[in-house]
Amino acid sequence: MAACDSKTNIPEYERTNINSKPFHVDSFRTQWLKRLHPSHYSYEQPDQDEFDANFAKEMGIDEDTMSDLKSICRQRKKKQDQKLSLKCNKNRHEHYADELERVTSERKPEAVENLIPQGDVLLTINIYYPAVFDRFNYTRPHMTFLLTGSHTLAELRDAICCVSDLQVSGEFSNNPDMVPDFVSKDHYKSAFFYFEGVFYDDMRFPECRDLSATTIEWAKTRNFPLFTQGKMENTRFVDLKVKVGYPYLYCHQGDCEHLVIITDIRLMHRNDCLDKKNYPLLIHKDRIDTHKCAVCHVYIGRWYTTNDQFAPSDPCLFCDKCFRMLHYDTEGNKLGHFLAYPYIDRGAFN
Ligand SMILES: [Zn+2]
Ligand SMILES: [Zn+2]
């Protein structure tokens with residue numbers, strides 16, 4: 001593979017089995033379209049008899065063997081489906097896979113304008129937990145999405161849920177009912193992606209700042225290769241130059257950093273979900289342990305306190321019910337001295 005000319009925009013492997021060399025997504029798409037027969041990426045169902053005849057020819061088998069094979073496969077499929085439907089203790093992943101299959105497989109949109117154009121590309125994009133989480137940082141993706149080449153980076157950004165977008169900062173022990181509804185995402189809208197020397201800033205809102213400017217300036221003074229800037233909302237995935245399998249960056253809330261790894265880029269197929277409205281399509285989500293209330297051990301923590309005479313530890317995590325029962329009288333008056341902060345559990349999205 002290494003012998004290919006990198007100008008051809010066909011992904012070559014820079015490091016075997018790890019990542020490809022950089023290539024331009026749209027040029028890659030064009031190369032495929034040039035080489036394939038339109039019937040290969042058309043959404044039209046191929047004629048079944050013609051398909052069977054071609055299949056038999058390619059496999060070097062005769063008509064009788066082909067029809068035997070077909071009936072055996074059908075029976076096996078039936079048996080397997082029965083077995084699966086009888087299995088009642090399906091795990092969460094199996095349930096989710098069933099549901100995803102039901103909702104998306106070969107799904108055509110109701111309105112023609114929502115049909116993803118033939119010959120578009122489909123990307124598999126993995127978003128990792130932010131680097132501040134101690135476990136699973138670099139081993140398991142938090143979320144895996146499918147997006148088409150015509151989606152923008154901003155559409156990916158809006159699909160990513162990260163607990164740091166939901167933090168409310170402040171001390172509320174004197175007025176626990178005053179915790180505001182707004183969350184960090186409403187206040188700090190700046191964010192960027194980084195791919196192949198380019199920072200793509202989210203500049204959709206007037207209060208957005210190009211967070212990457214400081215980094216670019218810093219890099220200039222340190223003799224790094226020149227970094228450039230783009231806008232997330234104006235950049236589609238087909239516009240990108242990327243390496244498949246290579247870790248890139250998503251940064252938001254100032255310093256919440258996530259690795260972003262594109263693991264696959266291919267042409268859309270008629271069996272894919274063809275309805276634009278279902279994208280970005282979440283195909284995997286990791287589940288992490290939630291932090292439970294230190295008193296009841298049942299509910300997810302909603303508050304943490306410090307300098308708290310009622311608490312078994314410092315800081316200490318409480319659900320809303322236990323927090324209020326322990327720290328306020330029936331009229332809602334604060335009892336004793338402590339500081340209280342709203343807490344959003346990172347497993348809140350499970
Ligand atoms: Zn984050
Ligand atoms: Zn509790």
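Report the charge-dipole magnitude of the stretch 303-349 in Debye, nearest 20, computed about the Cα centre from +1 at each Lys and Arg Cβ and -1 at each Asp and Glu Cβ.
My answer is approximately 100 debye.
How big is the Cα convex hull of the stretch 115-285 in projection, averaged over all directions, in nm²?
Its Cα hull, projected and averaged over all orientations, spans 12.5 nm².
Just want the ordering: L84, L259, from fewest to most Cβ atoms lying within 10 Å of their own Cβ.
L84, L259
Quick check for me: using +1 on Lys/Arg Cβ and -1 on Asp/Glu Cβ, what's the dipole size of the chain about its Cα centre, in debye to the nearest 20?
Result for the chain is approximately 600 debye, rounded to the nearest 20.
Can you work out ³J(HN,Hα) from phi for every residue in the stretch 194-209, in order, using Karplus 6.51 cos²θ - 1.76 cosθ + 1.60 and θ = phi - 60°, giving whole Hz and x for Gly and Pro?
Coupling constants for the stretch 194-209: 10, 9, 6, x, 10, 9, 10, 8, 7, 10, 6, 10, x, 7, 6, 10 Hz.
Would you be so kind as to identify which of V168, C251, T235 lies farthest towards the positive end of the dipole of the stretch 115-285, taking Lys and Arg as +1 and Asp and Glu as -1 on Cβ and the Cα centre as origin?
Value computed over the given set: T235.
I need the per residue convex hull volume for the stretch 44-113, using only the alpha carbons, in cubic angstrom as a whole number.
Dividing the Cα hull volume of the stretch 44-113 by its residue count gives 144 Å³.
D98 to T306: FRET efficiency via 1/(1 + (r/R0)^6), r the Cβ-Cβ distance, R0 45 Å, to the nearest 0.05?
Between D98 and T306 the formula returns 0.50.
If one puts a single equal scatterer on every Cα of the stretch 166-248 and applies the Debye formula without solvent, what log₁₀ I(q)/I(0) results at q = 0.13, 0.15, 0.16, 0.17 Å⁻¹?
-0.58, -0.70, -0.75, -0.80
For a quick protection proxy, order the peptides 235-244, 217-226 by their average other-Cβ count within 10 Å, most packed first.
235-244, 217-226
Could you list log10 I(q)/I(0) for the chain at q = 0.09, 0.16 Å⁻¹, which the Debye formula gives when each Cα is one point scatterer?
Values returned for q = 0.09, 0.16 Å⁻¹ are -0.70, -1.44.
Name the shape class, rounded, prolate or oblate, that the alpha-carbon gyration tensor gives for the stretch 303-349, where a ≥ b ≥ c are the square roots of its eigenvalues, rounded holds for a/c under 1.5, and otherwise prolate holds if a/b is larger than b/c and oblate otherwise.
Here the stretch 303-349 falls in the oblate category.
The numbers here are math on the coordinates, done by the rules we state, and not lab data. These figures come from a predicted structure and were not determined experimentally. As a convention, Cβ positions derive from the backbone with ideal geometry for all residues, glycine included, and neighbour counts pool all protein chains shown.
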